[in-house]
Every structure is written in C-alpha cells, then in structure tokens.
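One structure is given below, encoded as structure tokens.
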Protein chains: 2
Amino acid sequence: MSLDAVLSRIDDDLPQSLERLMAFLAIPSISTDPAYAPEVRRAADWLVEDLRGLGFTAEARPTQGHPMVVAHGGEGGRPLLFYGHYDVQPVDPLDLWERDPFDPQIEDTPEGQVIRGRGACDDKGQLMTFVEACRAWVAVHGALPTRLTLLFEGEEESGSPSMVPFLEANADELRAELALICDTSLYDTETPAITTSLRGLLGQEVTIRGAERDLHSGSFGGLAMNPIRVLSGIIADLHDQAGRVTIPGFYDGIPETPAEVLAQWERLDFDATAFLGDVGLSTPAGETDRTPLEQLWARPTAEVNGIRGGYAGAGFKTVLPAEASAKISFRLVDGQDPQAIRTAFRHFVETRLPPDCEAVFHDHGAAPASRMDISDPAFEAARQALSQEWPKPAAYIGAGGSIPIAGQMQQTLGMDSMLIGFGRSDDQIHSPNEKYHLSSFHRGIRSWARILDAIA
Amino acid sequence: MSLDAVLSRIDDDLPQSLERLMAFLAIPSISTDPAYAPEVRRAADWLVEDLRGLGFTAEARPTQGHPMVVAHGGEGGRPLLFYGHYDVQPVDPLDLWERDPFDPQIEDTPEGQVIRGRGACDDKGQLMTFVEACRAWVAVHGALPTRLTLLFEGEEESGSPSMVPFLEANADELRAELALICDTSLYDTETPAITTSLRGLLGQEVTIRGAERDLHSGSFGGLAMNPIRVLSGIIADLHDQAGRVTIPGFYDGIPETPAEVLAQWERLDFDATAFLGDVGLSTPAGETDRTPLEQLWARPTAEVNGIRGGYAGAGFKTVLPAEASAKISFRLVDGQDPQAIRTAFRHFVETRLPPDCEAVFHDHGAAPASRMDISDPAFEAARQALSQEWPKPAAYIGAGGSIPIAGQMQQTLGMDSMLIGFGRSDDQIHSPNEKYHLSSFHRGIRSWARILDAIA
C-alpha cells in the first residue's frame, strides 16, 4: 500500500526531520518585540526555502507587520488550506529556563523524549508535522497528494493584526474546500482530537459613576450612594442559584449539542475533579444541570476579569469612591449574536442603576463562536485516520477559548476548519522550558499522512 | 458686668490678637514631614512662651515624636481641660496656593475678611480663640476664670501616635471635669454647634481566594468559581432594599436618638438636596425610614472603601482571578461593640462562601462611637452662651466622622468632651488656600469668654 510506504519513509526520515526542526527552532522569531524583526523575517525565509525544495511555489508576502508565507503545490484532488504560525512567544523570564530557549535539544524525561526550546510545540513543531508529511509523500509519490495551499503567519503571538486584511485581499487565491489548522492539543496523551466548536468572546467594560469626586465616608457615609455597592449588586445579579446567566435573552438561539456529540463526550470520561484539582479547586461552578464538559465547551459564560474602585493600596482610606469599574467578558457559543448580547447586558446594567448613578460603557472585542459542520465526510474520515495512528479513538471536542483564525476563515473565506494538533496540556507553551514530545512530532507527521490519504 | 468688660477687651485687642496669630501661622509646623521637626518644635516653644506670659506654668513635654505643650493656670472653680493642636497639614500641591502658605495675610472676600494661610483654621486659629479669651480675662480680672489645663498636641495631622500613651502616663495631672475641644465647625455660618455624638470606625479587609493561580477564562470559564463573583455577592448582600445593613445583630443595642435631640435636628431644617447637590448627588441612599441627619449622625453604616481583583489595567485580559479583595469600613454608633461587629461580619462572609473559596481577613482599626452626656448642666449653659454670641441659637449636632481625641479622653481620663469650633465647611482645611474667617476668630474668642463665664 502506498500509505504504508509514506509512513515508512516518515519513520526512516525522522532523524533528518528533527534536524530540520532544530534549525527552524534556533531562529528567535519573537514577533511582539521589534528588535527581533530580522529574525522573524529569517524564519519566513527559512520556510520559503524549505517549501521550494518540496516543489511548492512559495514566497514571503509583505504585510504591515511580519510577512505571510504562502505556498501552493499539487494538482487535482480536494483543495485544502493548511495554516500554522512561525512566530513564537517572548522568553521572559529567561532565568527560569533550564537552557537557552533558542538552542533546542532532545531530552530524556520520565515521560519519554521531548524536544525542548521556544516554539517546539507552539507552533513550529506542530506546523512542521504537516510539512514533513508532505515531504514524505513527495519522496514516495513524486508529487503532493492534492492541491495544497500553505499559509504560515508571523504575527499570531502578537494579535494577528494583518490576518483579516490579508485573507480579504487574497480570498480567491486562498479559498479551498477545507482548512487544516495545527495549533491545538491532544485530548489526552493517548487520545487525539478534532476541535469542532470554539467559544466566541465579547468584552465589555462598565464604570458606575456616583458623586463628582471621592467623598469622606464619615461626612457622607449613609447618605451618599456608593458605586462599588451598585456594581457589586449588578455582578451578583448576573447569575442565578443554578449558575445560569440572568441577562434576558442570553440563551436565545443556542442549539442543544447534538446527542451523538454528547454521547461521545460522555465516553471521554472527563475527570472534572482532576482537572480542577490541578489548580486547587474541586467543584464545578457553572450551570448545575450541565455536565462539566458542556460547561467548558458548549455553554456560554459571563465572567468578571477585573474589578477596581476606591482605595486598594496598603493600609486603609475611608473614602466613598466616585466610581467603580469592572471588565466583564462573555464566552459565547453557536447561536449567540455578540452585538445582541452587548445590548442586552447594557440594558441589564441600566435597569439596575439607582438614582445618582450612571453607567459608562467601554466596548472591547466581539468575536462570535464557531462550530464546524461535521456532516462533511472529511471530518469522519479524518477522525478514523487519526484513530488508526493513536492508542485510543479520536474525539470531536470543543474548545472553551477562542482560536480567532478559525472564525476568520469562516467569515472571510466561507470555509470550515479542521483543528487538529498534537500538543499536551503540560507543554508549557508561553512559559519557560516549552517542550514538544518526540512522539507528538513523530505521530503528528504520521497522522497528517493518514489524514491526507483519507480526505485528499 | 464683668463679662461685658472682657468682651470689650477682646474687641479692643483684636488687632494684637491677629498679630500674634500671624506670627504663629508663619511657623511651618508640618508634623508628618521629618524635615520640619525643628519648626514643629519652634511652634511648641512659641506657645509655651505665650502661655507663660499669661501666667500659665507651661512647658513642652517630650514624647516619642513631637512635644506636647502642657500648661496649668488658675485656681478654684470647675477644673477644665482645653485641647487643640499646633501642627499643620503639608501644603502640597504648592502650585495651587495663591500665596505662600506660611506668609499669612488678611484678605477681603465677598463673604468678608478672611485669614489666609496653612493652619489658619486647622487648628492654630481655632486654638488661639481660647488662648485669646484667657488673655482678655486675665487682663480684666487679673486671673484666669477657673482652674485650667491646656493640652496642645503636635501630631494630630500625623495620626496622634503619642496621644494615648501620654494621656495614660499623665492621667492624674490632666484629668478635669470636662474637656473643651476646639477643632470642629459651625453648623452653618450663623449657627454655632456643640458636637455631642461622634461615630466610631471599624476597618476590615477581606480577600476571597479561589484557585491557586489566575486561570484562563476560556479554558476554565464556566467550570471554576470566580472570586470576584463571590465577593460581589457578599457585598450586594450587605444591604437590604430599605438600606439597612443585613449582618445579624448589627443594630443590637443601639439606643434611639432622644426625642428632644431629634426635634432640635428637625428645627435645623437640614437641606439634604443642597448637601448632596454640592457633590453632584441628589438622593439620600441610606435607611429609607431615617431622616438624612439621622443617616449621617446617628445611624451606623457599612461601606466598601476599595475593591480590587483580576486585571484592571488598560485593555483586556481574559483572566479568571485567583482572588479578589475589598476594604470595608463600618461607621459605628453608640451601643455598638466594634469587636462584636467584626465577629458578626466575619461570620456573615463565611456563611456565604461557596465550595473552593476561602476568606482571609485583615483587621484594621476599631474605635467605638462617642456620645456625650448632655444632662451635665455645663452643656446647656454653654449652648445658651453660644446662642447669645451668634445670629442663631446654638445646636447640638452629631458628627458622621470620628474625632479620636474625644474617644481617647473618655477612655483614658473618663471625661466627656464639649466639641465647639468655629470653622466653616468651605475653609479648605487640608487643601490649598486654607482660610479662617475673621468673624470666626473674633466671635470664637468672644464665644469662649461667654462659655467660661457660664460654666467655670
């Protein structure tokens, strides 16, 4: 079988694959620090050269910030777009690293061999799993398995300011039938996953204003309204005893998670106690009539991310503050319109204002949730392919956070994404001593070969 | 009549009284700044010399900080202790002063002549009203009207750290039948006042702790408890719809304000709308079944003076914070035990903690309320004397804030205080361009002469 030949080639070529990855990891492509701009550029050029060697027409395209690497290759078959990013997080605090973050090395650990270095997992190691799968395919077959476009971003760790304009300006060139994104994790060390739903995010800052200035709590206390009290009352009202958000209309239009998905989540046997135990907690605090995984993946939230008011320094100051503020964010799910939620929240606040208080709102970002259409047979084909590579069957999972690129692909290119990645929860991305398991890298390459074989 | 002779003497001597006050005000006795310690000492020495000229045995007694000026004089009659302070507030921001704060001068204003300079009101001008009354008395009668002890503090503006130890160490020497304190204000420009009740103050900081560290609101939101939400719920629960504090036992033991005092407050015709209007408010926010003056003077409060939690800087950070804190203070009234309130508040918090949250308490100061026994005939005699000097009858009033010296006199010397002062609410004490009306100074001196005549 030809797939077997590709998989063998991957196994045989692993030492060379690792050498290439090490060279790539050694480039300190920190996108957020302007001092590293030449290194970011060097990483883009490294990719361009490597991809040209595989027969892609590749180039580093200019943007207002760091370049986009765009490569095209292959003919016929199902057109696919693969996305990854070649920039990395800063390395501070440097003194917590046990070695130079840009002098990567393979280390033996009790959990097996790992590749240690900044970007080993996020996202250089992950994106190279796909490139290496392509390389093995070309080596065996002399050509790519299907018409492929690769898109590698250099600004993912600094907010992706150029992504939407670039997608819009190059929509016809980039559009494919499906996007493949390699920037997520395994469900657990033995269970691969395809992320099929992502929560959206809406940020809203609210300031409650009372008196014109801070007042003396002795001279005015008892007679003047305290904005902290008003704000606290509003926040306390946001949830009912069952953990539900009480903003009118908040849950309107949210579809129930399909029964087969819920059943599959049930089989994952998620250990909420262990998950919470890792951070010193024990008890799920969301909607009491939802399972822990639903609370995390399929249900919207209202959270206060920050609050401030009055005097919060050392000691005590008997001030009755003129204002108090909170930063509140909502994780959104499929069916929720961010703007409608914003409007409903403002109304919720305004109807709770006592005399002498006003609310001032400051809007932050609004991104809707994404849910992929898993009725596309490619999803089930990919899930089967992954299941053949890993000890346990692959799962469709949700993500509690947002992965903006998936939503951007849907909105600008009208294209669903298949999010498949091989990271582990303890890979310390964004932290010192980032690593990527050698098995993640090796099985990741083999996984993409299987998936390309199944869906191309 | 001999009182008339004293009052005439006061009128005739006013230019010299002002000269003395100007010399005293010119000494920058800022107690909180160590650089000014020699000036604080100079102000104490100035007082000692002036008082010795009146026949007092006066000296500056050492403390751990700035000296206490103690003077004794007079014989027979009712022994009285007079208290004032000769230190002043810092003058920052200096650029907002329209003249050198320590080059005092008399200015014409639309509201009449004022003495402008740091300490003009707080408290050099006020304490000199009593000294000048004594001077006139001595000039007319050749002796003081009664046995007098004067106590002038040099640390009032920096927290009075030496006061309680000094009172305790010198209790027998300082104890009298009544203390007179001149560090308060008129009720309004035409109505003098004797402050007969002072609210106490209890400070309590509470921190609600949840997870071991800040969490990502995408990864954990919906499943992990948010300490800001818990803290907000506790704060929101502190008051009911009628503005009452809901801590069990909070109002236990509080006596009702005597009917005659309430009736007198009623006659003051307090304009809550104007009082609140000055700071941009309009609506009393305390207990709905209490008058505004009761809310300010006779009823306890629970106020949040500060709150913080999570990310409160610029922009947004989708963090689910590990903890949230609030600084809460209670203004206490007669009958409330600060320690019992502290215990009840802690219990109130602890019974509202969900799983995975703990409360950590940090205690701040606890001072009980003071209420003077106005059945002592000296109070009514002083009120009548004040009423003869000013356009409108004098009032017994309460103070929403605390004046620690009054409570300290009660606790260490077992002595009530008669708090009488002649400041106005717009005297800008603690602020740039502090002033004291010439009429406050002149009528203040005359007021003390009348009071000494009535009660000595």
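The values are calculated or read from the model by the stated rules, or taken from the named source; none is laboratory data. Just so it is clear, the structure is predicted and the values come from calculations on it, not from any experiment. No Cβ is skipped: glycine too gets one built from the backbone with ideal geometry, and neighbour counts run over all protein chains shown. Accessible surface is based on the protein model in full, side chains and every heavy atom, while ligands, DNA and RNA are left aside. Shrake-Rupley method; radii C 1.70, N 1.55, O 1.52, S 1.80 Å.
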Gyration tensor on Cα atoms of the stretch B:1-127, a ≥ b ≥ c root eigenvalues, a/c under 1.5 rounded, else prolate if a/b beats b/c, else oblate, says oblate
Once both axes come from the Cα atoms, what is the angle between helix A:124-141 and the longest principal axis of chain A, in degrees from 0 to 90, rounded to 10?
-> 30
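Just how large is the dipole of the protein assembly as shown about the Cα centre, in debye to the nearest 20, putting +1 at every Lys and Arg Cβ and -1 at every Asp and Glu Cβ?
Details: 74 positive and 134 negative charges, 98 e Å.
With only Lys, Arg, Asp and Glu charged at Cβ, the dipole is about 480 debye.
In deg cm²/dmol, rounded to 500, what helix-only [θ] at 222 nm does chain B give when every DSSP H run of at least 4 residues adds -39500 (n - 2.57) and the total is split over its residues?
-10500 deg cm²/dmol
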Would you work out which of A:PHE24, A:GLY280, A:ALA58 lies farthest towards the positive end of the dipole of chain A, given +1 charges on the beta-carbon of Lys and Arg and -1 on that of Asp and Glu, about the Cα centre?
-> A:GLY280
Would you mind calculating the relative contact order of the stretch B:295-342 from Cα pairs under 8 angstrom and at least 6 residues apart, reporting the percent as a whole number?
-> 44
Which order do A:HIS437, B:HIS347 take when ranked by solvent-accessible area (1.4 Å probe, heavy atoms of all protein chains), largest first?
-> B:HIS347, A:HIS437
Which loop-located GluC sites (Glu not before Pro) does the stretch A:214-310 contain, where loop means any DSSP state but H, G, I, E or B and the Cβ has at most 10 other Cβ atoms within 10 Å?
-> A:GLU256
Each residue of B:273-286 has, on average, a number of other protein chain C-beta atoms within 10 Å of its C-beta equal to 6
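Suppose a student asked you for the relative contact order of chain B, using Cα pairs under 8 Å spaced at least 6 residues apart; what percent would you report?
Computed over chain B, the figure is 26 percent.
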By how many degrees, between 0 and 90 and to the nearest 10, does the Cα long axis of helix A:2-25 differ from the longest principal axis of chain A?
-> 60
Pull up the cross-link candidates among the lysines for A:LYS435, meaning alpha carbon to alpha carbon under 21 Å and not fewer than 8 places away within one chain.
-> A:LYS124
Is there a simple number for the mean count of other chain Cβ atoms within 10 Å of the Cβ of residues in B:347-357, and what is it?
-> 2
Once the dipole of chain B is set up from charges on Cβ (+1 Lys and Arg, -1 Asp and Glu), the residue from the list B:PRO145, B:PRO300, B:TRP448 lying farthest towards its positive end is B:PRO300
Counting only DSSP beta bridges with both residues in the protein assembly as shown, tell me the antiparallel percent, nearest 5.
-> 70
Quick calc, B:THR246 & A:ASP240: beta-carbon distance into FRET formula, R0 22 Å, rounding 0.05, result 0.65
Cross-link reach list, aspartates and glutamates versus B:LYS317, counting only Cα pairs under 15 Å and skipping chain neighbours closer than eight places | A:GLU157, A:GLU205, A:GLU303, A:ASP363, B:ASP214
Net charge contributed by nearby residues that have their C-beta within less than 14 Å of B:TYR311 (K/R +1, D/E -1) | +1
Shielding of B:231-241 by partner chains, average beta-carbon count, 10 Å = 5
Using alpha-carbon positions, the gyration tensor of the stretch A:414-456 gives root eigenvalues a ≥ b ≥ c; with a/c under 1.5 called rounded, otherwise prolate if a/b exceeds b/c, else oblate, the class is oblate
Whole-Å distance linking the alpha carbon centroid of the stretch A:86-161 with that of the stretch B:241-264 is 69
With charges set only on the Cβ (+1 for Lys and Arg, -1 for Asp and Glu), what does the dipole of the stretch B:188-333 come to about its Cα centre, in debye to the nearest 20?
-> 860
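Using the per-residue mean of other Cβ atoms lying within 10 Å as a proxy for protection, in what order, highest first, do the peptides B:144-151, A:128-135 fall?
The packing order, highest mean first, is A:128-135, B:144-151.
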Any trypsin sites (Lys or Arg not before Pro) in the stretch A:366-456 that lie in a DSSP loop and have at most 16 other Cβ atoms within 10 Å would be none
Of the accessible area of the stretch B:256-354, with the probe set at 1.4 angstrom, what percent is carbon plus sulfur?
-> 51
Just report the Cα centroid separation between the stretch A:1-37 and the stretch B:174-197, whole Å.
-> 83
Compactness of the stretch A:115-265 as Cα Rg over 2.2 N^0.38 Å, two decimals = 1.72
According to the square roots a ≥ b ≥ c of the eigenvalues of the Cα gyration tensor, what is the shape class of the stretch B:276-346, taking rounded for a/c under 1.5, prolate for a/b larger than b/c otherwise, and oblate for the remainder?
-> oblate
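Equivalent-ellipsoid semi-axes (√(5λ), Cα gyration tensor) for chain B, whole Å, largest first? Walk me through the intermediate numbers first.
Working: eigenvalues 393, 122, 93 Å².
Computed over chain B, the values are 44, 25, 22 Å.
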Any idea which of B:HIS239, B:PRO67, B:VAL319 is furthest toward the positive side of the dipole for chain B, if Lys and Arg beta-carbons carry +1 and Asp and Glu beta-carbons -1?
-> B:VAL319
Estimated FRET transfer efficiency when R0 is 45 angstrom, pair A:ALA344-A:ALA169 (beta carbons, to 0.05) | 0.85
Cβ charges +1 (Lys, Arg) and -1 (Asp, Glu), total dipole of chain A, debye | 640
Nm distances between the label at B:ASP13 and the same-position labels in the remaining copies, 7 Å along Cα→Cβ, shortest first?
-> 10.7
Whole-number percent relative contact order across the stretch A:350-456, with pairs defined as alpha carbons under 8 Å at least 6 apart = 31
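Taking 30 Å as R0, compute the FRET efficiency from the Cβ-Cβ separation of B:SER425 and B:GLU177 and round it to 0.05.
My answer for the efficiency is 0.45.
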In degrees rounded to 10, the 0-90 angle between helix A:438-455 Cα long axis and the longest Cα principal axis of chain A is 80
